[in-house]
Amino acid sequence: MNCLEEQSFALLTNAKRLEPVSLERNRVGLCDKCESDLESLAYHKTESGWLVSARCKKEHLVLMRYDLQWNWLGDQELQISVKELGTSNVSSIEMEKLEAVFTSAEIRDMRACEQGRPFTRQNLYRARAKCEKFEKLFGIRLKL
Ligand SMILES: [Zn+2]
């Protein structure tokens, strides 16, 4: 899943956070869903090419992939994420985000702890040590 942060226009993709290199608004193609113009929101650079976040006027979002020579490679799904404020319950966070940082055993025990069920203390200690990394990556502070 690809996620564009509402205010910073940073792109969260493959457990990486890519800051935009440009916020230029250009017409970049036609929307697959409604055939109106797509306008770029943000340009992101990776080692292998470019990613362009775009939106049509009916709010359909798409992430367009290009190689380094600007040959179009394909489109991917994109969603906008509203930055969450304050601390968040582990249970309210999407699994894909948690899995980017924590092991399945750590996630299971963070949830168990939150819900007052038995958990392995060792897993929770390990998870706590990773919370800062999670916050840096997703801007979400976990309540643990
Ligand atoms: Zn559209």
Quiz item: Among (1) within 16 Å of the ligand (Cβ to nearest atom); (2) part of a loop (DSSP other than H, G, I, E, B); (3) hydrophobic (A, V, I, L, M, F, W, C), where does Met64 come up short?
Solution: (2)
Quiz item: Are any residues in the range 1-55 outside any loop (DSSP other than H, G, I, E, B), within 15 Å of the ligand (Cβ to nearest atom) and at positive phi, and if so, which ones?
Solution: Gly29
Exercise. With respect to Ser48, determine if the residue is of a type in the set (Gly, Ala, Ser), in contact with a strand residue (DSSP E or B) (Cβ under 9 Å, 6 or more places away or on another chain) and surrounded by fewer than 15 Cβ atoms within 10 Å (Cβ to Cβ).
Key: yes
Quiz item: Within the set of pairs 6+ apart or on separate chains, which have a first residue in the range 99-121 that is among the aromatic types (Phe, Trp, Tyr), a second that is open to solvent by 40 Å² or more (accessible area, probe 1.4 Å), and C-beta atoms under 8 Å apart?
Solution: Phe102/Lys130; Phe119/Arg108; Phe119/Cys113
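The values are calculated or read from the model by the stated rules, or taken from the named source; none is laboratory data. Just so you know, these numbers come straight off a predicted model, no measurement behind them. Backbone-built Cβ (ideal geometry, glycine too); neighbour counts: all protein chains shown. What goes into the accessible areas is simple: the full protein's heavy atoms, side chains included, and nothing from ligands, DNA or RNA. Shrake-Rupley method; radii C 1.70, N 1.55, O 1.52, S 1.80 Å.
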